[in-house]
1. Looking only at region 72-103, how many residues end up being open to solvent by 40 Å² or more (accessible area, probe 1.4 Å), small (Gly, Ala, Ser) and more than 19 Å from residue 50 (Cβ to Cβ)?
2. Could you list, in sequence order, the residues of region 1-60 that are part of a loop (DSSP other than H, G, I, E, B), in contact with a helix residue (DSSP H, G or I) (Cβ under 8 Å, 6 or more places away or on another chain) and open to solvent by 30 Å² or more (accessible area, probe 1.4 Å)?
Amino acid sequence: MASIRVERVRKKIETEVARILQSELRDPRLGFITVVGCELSPDYRHARIKVSVLADKEGEVRRVMRMLEDARGFVQRTVAGRLRTRVTPELSFVLDRSAEKSVRISSVLDELRRERESREGGGEQPLTVSEDLESGDELDADDADDADDADDADDADDADDADDSDDSDDADDADDED
């Protein structure tokens with residue numbers, strides 16, 4: 001039951017901090033900030049607010065994070081007035097770079113796709129999976145024919161050996177009659 005309560009308070013802190021940053025905080029350094037998540041300790045003493053900052057330069061990101069640290073007291077007081085808990089968590093803002101990473105991964109994948117298309121576009125066409133399988137089947141069929149020929153030769157040798165043993169048995173029989 002306690003985990004449900006912690007989850008509710010965590011969600012309430014996340015939405016309240018987002019609302020405060022969006023509508024109540026008046027700071028010229030405030031850029032485009034998104035509250036991505038919140039981690040709340042089970043005893044409600046500490047809350048880590050994960051924020052994503054949309055900025056072109058690292059300097060702008062540092063400036064926005066500094067502004068959030070400066071405004072932490074105001075945000076914490078405002079959240080404390082809206083929460084109905086005995087303890088108000090100490091807020092800390094953490095930069096979440098997952099959106100940046102996903103954009104970077106997406107651009108690398110796009111670049112790899114363009115490279116592959118340019119490589120495939122000029123010159124010979126690579127084999128598709130179905131063509132690879134078809135050509136592999138033909139090789140297997142040839143190998144199977146060779147194996148059949150080898151088996152036929154072995155069978156013929158076995159037959160000759162059997163005939164030789166029959167001849168020796170006949171010779172033994174003839175010796176017995178003498």
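The values are calculated or read from the model by the stated rules, or taken from the named source; none is laboratory data. What you are looking at is a predicted structure, and each value in this text was computed from that prediction instead of being measured. Positions of Cβ are generated from backbone atoms using ideal geometry, with glycine treated the same way; all protein chains shown enter the neighbour counts. The protein model used for the area step is the full one, side chains on, heavy atoms only, and it has no ligands, DNA or RNA in it. Shrake-Rupley method; radii C 1.70, N 1.55, O 1.52, S 1.80 Å.
1. Matching residues across region 72-103 total 1.
2. 27, 29, 30, 31, 42, 44, 55, listed by residue number.
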